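The values are calculated or read from the model by the stated rules, or taken from the named source; none is laboratory data. Bear in mind the structure is a predicted one, so any value in this text is a computation, not a measurement. In this analysis, Cβ positions are derived from the backbone assuming ideal geometry, glycine residues included, and neighbour counts consider all displayed protein chains. Accessible surface is based on the protein model in full, side chains and every heavy atom, while ligands, DNA and RNA are left aside. Shrake-Rupley method; radii C 1.70, N 1.55, O 1.52, S 1.80 Å.
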Amino acid sequence: AIGGERIMELTTNGDVVSWGGNHYGELGDYTFLDSSNAVHVVGLTNIIKIASGLNHSLAIDSYGALWAWGDNQFAQLGDGDLNKTNRPVQVSGMTNSVIAIAGNQETSIAAKADGTVWTWGAKYEGSGWNYTVVPTQVEGLTNVIAVAAGAQHFLVLSNAGTVWAWG
């Protein structure tokens, strides 16, 4: 997974390593120091999927729990806080059954095994920017099996092949 100034790699044994820029703690190694060498994301095991936003990182473990770390200025970590963190924190309400994840500049998205879609972080609401500090279900979407994110938009795919987009 590639984000702003870093690269993350999922190893065959379920660990995550990363290298590059670390101004927001997005390497997950408990520091804010850039690294040209791969460093292990501390505290994560049995990871099955990873994704990257601009300056934040996401990972799903084998239980379907979702973890996030890095920039959190717009609540893109979904932990109910607005503080950046250099270590993985569990995304609120995403303790099991997460099957797909993506991140963009200031927002994150996840799909659960029941086909629901959840987003958190920055969003534009007519008169200005707002943010959601914990995951909120996107109404009207069902049977979603995959998610993707661009700079300020999302795409989701249903098990019937229908694609929805917004942003």
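Using a 1.4 Å probe on the protein chains only, how many percent of the accessible area of the chain belongs to carbon and sulfur?
Looking at the chain in its full context, I get 52 percent from C and S.
If we count GluC sites (Glu not before Pro) as exposed when they sit in a DSSP loop and have at most 16 other beta carbons within 10 Å, what is the longest stretch of the chain that avoids them all?
6-124
Rank these residues by their accessible area, most exposed first, probe 1.4 Å: Arg6, Arg87.
Arg87, Arg6
What net charge do the residues around Val89 carry, taking every other residue with its C-beta under 14 Å from that of Val89, with Lys and Arg at +1 and Asp and Glu at -1?
Result for the local shell: -3.
Given an 8 Å cut-off on Cα distances and at least 6 residues of separation, report the relative contact order of the range 1-73 as a percent.
After rounding, I find 28 percent.
Under a 1.4 Å probe, what is the accessible area of the range 94-161 per residue, stated in Å²?
Result: 47 Å² per residue.
Would you please give the FRET efficiency between Trp166 and Asp114, computed as 1/(1 + (r/R0)^6) with r the Cβ-Cβ distance and R0 = 22 Å, to the nearest 0.05?
In this case the efficiency is close to 0.60.
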